[in-house]
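*Asks:* Next up is a structure, given as structure tokens.
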Amino acid sequence: METSVKAEKLQKRFDKFTAVDSISFEVEKGEIYGFLGANGAGKTTTIRMLCGLLEPTSGDAIVAGYSIKKQPEEVKKRLGYMSQKFSLYPILTVEENISFYGGIYGLTDEEIKKRLPEVCEAVGLNGLEKRLAGDMPGGLKQRIALACAIAHGPEIVFLDEPTAGVDPLLRRRFWEIIDSLAFSGVTVFVTTHYMDEVENCHRIAIMHSGRIISEGTIPELKKAAFVNHLLEVETDSPVRAFELLSEAKDSIGETSVHGAMLHVVPKDPATAAAVDRMLSAAGIAHTRPEQVEPTMEDVFVRLVKREEGKI
Ligand SMILES: Nc1ncnc2c1ncn2[C@@H]1O[C@H](COP(=O)(O)OP(=O)(O)OP(=O)(O)O)[C@@H](O)[C@H]1O
Ligand SMILES: [Mg+2]
């Protein structure tokens, strides 16, 4: 497999504060690689270093075959970047925005003319080329920004929270576009803090306080977080049930609340029966505890707690 991005001990300090703490990882060509992390985890700082826009304090990364430290200009030519707070020109049309950004990335007028229909087709904007960008709904603005980032045919695209604030249907459509982009051989590096969204990534790095605390496919991450299945119980008094089960943490294991559902990380095979007994004894109506697969939210919370030494 061909490597698109190889980061080695990449670090960024702002004065005494370490925003990105010696992270190493590799992304293969055509892969959708996700960075999942809470606010301030260091996702944007990492992306800006990989794009050659921010110099690392130490460490290096090879992006599209070039060192971000020694050849940032070569790197920039080969990638597309959709920033977290991307800006389009509202008084320009869709195709004028794409042409403008294509020009910044070095395309000639001739090349832009040739690329425009392909790019609009790729992101599902055909028929909307003459519309003003400012008049487009949020989800479509996202697609225009993506079109601007891929107009010059980059080998790698860096998308920093591309679907923030977009409704679920348009988010789904956006991921279909990302999928076909990756299928055509473009490497996609994407950040998000939507837990469900990482299901669209081939591999994921979970970032916390500047460090990668776990990395792998979804099944690999689930395995890293949980040895056993989780137990799920539904109740109409989730808060009372949570308090009760939390008090028995040492004998049954950790409990968390998800709406009307409780998830218990079982201590042993007897936990299901113990949970059932405790809730019944307290007169709390509930379903039978069932084994379920952990969600990505369960995985994220558990890995972060483990990192912080809370479990
Ligand atoms: N130029 C800067 N000077 C000082 N501190 C900075 C600078 N840029 C980022 N930071 C700090 O570095 C940390 C990581 O920021 P970063 O923007 O990379 O996080 P993020 O994971 O992208 O968060 P979000 O999900 O909110 O976008 C934060 O604590 C932030 O305040
Ligand atoms: Mg960010």
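Taken together, the values in this text are just the output of simple stated rules run on the coordinates, not laboratory data. Source: prediction; values computed, not measured. Don't worry about glycine lacking a Cβ; one is built from the backbone with ideal geometry, like all the others, and counts go over all protein chains shown.
*Asks:* Under 8 Å for C-alpha pairs, at least 6 residues apart: give me the relative contact order for region 227-293, rounded to a whole percent. It would help to have the intermediate numbers written out before the result.
*Replies:* Numbers: 114 pairs, mean separation 30.0, N = 67.
In percent, rounded to a whole number, it is 45.
*Asks:* Continuing with the same structure: Which entries in Lys85/Lys305; Lys43/Lys249; Lys16/Lys77; Lys6/Lys29; Lys70/Lys114; Lys85/Lys113 show an alpha-carbon gap greater than 23 Å?
*Replies:* Exceeds cut-off: Lys85/Lys305; Lys43/Lys249; Lys16/Lys77; Lys70/Lys114; Lys85/Lys113.
*Asks:* Using the reciprocal of the averaged 1/r over all distinct C-alpha pairs, how large is the Kirkwood radius of the chain in Å? Please report the intermediate quantities before stating the final value.
*Replies:* Working: mean 1/r = 0.0466 Å⁻¹.
Kirkwood hydrodynamic radius for the chain: 21.4 Å.
*Asks:* Then there is this: Compute the distance in nm between two label points, each set 7 Å from the Cα along the Cα-to-Cβ direction, one at Glu290 and one at Lys85.
*Replies:* 4.5 nm
*Asks:* Ratio of region 1-149's C-alpha Rg to 2.2 N^0.38 Å, to two decimals? Intermediate values should be presented prior to the final figure.
*Replies:* Working: Rg = 17.1 Å, N = 149, 2.2 N^0.38 = 14.7 Å.
Taking the Cα Rg and dividing by 2.2 N^0.38 Å, one obtains 1.16.
*Asks:* Related question: Which residue, Pro219, Ala248, Thr235, has the largest displacement toward the positive end of the dipole of region 196-255 when charges sit on each Cβ (Lys, Arg +1; Asp, Glu -1)?
*Replies:* Pro219
*Asks:* Consider just the alpha-carbon atoms of region 1-82 and return their Rg together with their Dmax, both in angstrom.
*Replies:* Cα only, region 1-82: 12.1, 38 Å (Rg, Dmax).
*Asks:* Another question about this same structure. Extending each Cα 7 Å along its Cβ direction at Asn228 and Ser246, get the distance between those two points in nm, one decimal.
*Replies:* Between Asn228 and Ser246, the simple spin-label model gives 2.2 nm.
*Asks:* Over the C-alpha atoms of region 141-286, what are the Rg and the largest Cα-to-Cα span, Dmax, in Å?
*Replies:* In order Rg, Dmax, the Cα atoms of region 141-286 give 20.7, 66 Å.
*Asks:* Further question: Rounded to the nearest Å, what's the spacing between the alpha carbon centres of region 107-164 and region 1-69? Just the number, please.
*Replies:* So the separation of the two Cα centres works out to 25 Å.
*Asks:* Magnitude of the Cβ-charge dipole of the chain, K/R +1 and D/E -1, about the Cα centre, nearest 20 debye? Show your work: numbers first, answer last.
*Replies:* Numbers: 37 positive and 46 negative charges, 143 e Å.
Its charge dipole is roughly 680 debye.
*Asks:* Distances longer than 14 Å among the Cα atoms of region 67-139: what percent of all pairs is that?
*Replies:* The proportion of pairs with Cα distances above 14 Å equals 67 percent.
*Asks:* Here's a follow-up. Can you give the relative contact order of region 179-267 as a percent, counting alpha carbon pairs under 8 Å and 6+ residues apart?
*Replies:* Numbers: 91 pairs, mean separation 17.5, N = 89.
Reported as a whole number, the value is 20 percent.
*Asks:* Per Stokes-Einstein, at 25 °C and 0.890 mPa s, what whole-number D in µm² s⁻¹ belongs to region 227-293, with the Kirkwood radius over Cα pairs as the hydrodynamic radius? Display every interim value, and only then the final one.
*Replies:* On the way: Rh = 11.4 Å.
Calculated translational D: 216 µm²/s.
*Asks:* By how many nm would the segment from Tyr194 to Lys310 lengthen if fully extended, with 0.36 nm per residue of separation less the alpha-carbon distance? Display every interim value, and only then the final one.
*Replies:* Values: separation 116, 0.36 × 116 = 41.76 nm, distance 2.31 nm.
Between Tyr194 and Lys310, full extension yields an extra 39.4 nm.
*Asks:* For His258 and Asp179 in the same chain, what is the full-extension length gain: residue separation times 0.36 nm, less their Cα-Cα distance, in nm? List each step's numbers first, then the result.
*Replies:* Numbers: separation 79, 0.36 × 79 = 28.44 nm, distance 2.97 nm.
Roughly 25.5 nm would be gained on extension.
*Asks:* Hey, another quick one. Go ahead and set up a Gaussian network model of the chain, Cα springs under 10 Å, then flag whichever of Glu31, Glu254, Glu95 fluctuates most.
*Replies:* Glu254
*Asks:* Let me ask something additional. Suppose R0 equals 45 Å; then what is the FRET efficiency for Glu220 and Glu129 from their Cβ-Cβ distance, rounded to the nearest 0.05? Display every interim value, and only then the final one.
*Replies:* Values: r = 42 Å, r/R0 = 0.94.
Computed FRET efficiency for Glu220 and Glu129: 0.60.
*Asks:* Now a separate question. Choose one answer from Gly259, Gly106, Gly124: the residue with the largest mean-square fluctuation in a GNM of the chain with alpha-carbon springs under 10 Å.
*Replies:* Gly259
*Asks:* Within a 10 angstrom radius of the beta carbon, how do Ser237, Ser180 rank from fewest other beta carbons to most? Numbers along the way, then the final one.
*Replies:* Details: Ser237 16, Ser180 13.
With the sparsest Cβ surroundings first, the list reads Ser180, Ser237.
*Asks:* To continue, here is another question. Would you mind working out the magnitude of the charge dipole of region 227-293 relative to its Cα centre, with +1 at each Lys and Arg C-beta and -1 at each Asp and Glu C-beta, to the nearest 20 Debye? List each step's numbers first, then the result.
*Replies:* Details: 5 positive and 11 negative charges, 30 e Å.
So the magnitude is around 140 debye.
*Asks:* What does the charge count near Thr18 come to, summing +1 for each Lys or Arg and -1 for each Asp or Glu among other residues with Cβ under 11 Å from its Cβ?
*Replies:* Numbers: positive: Lys12, Arg13, Lys16, Arg211; negative: Asp15, Asp21.
Cβ neighbours under 11 Å give a net charge of +2.
*Asks:* Please state the relative contact order of the chain as a whole percent: Cα pairs under 8 Å, 6+ residues apart? Intermediate values should be presented prior to the final figure.
*Replies:* Details: 584 pairs, mean separation 58.0, N = 311.
Value for the chain: 19 percent.
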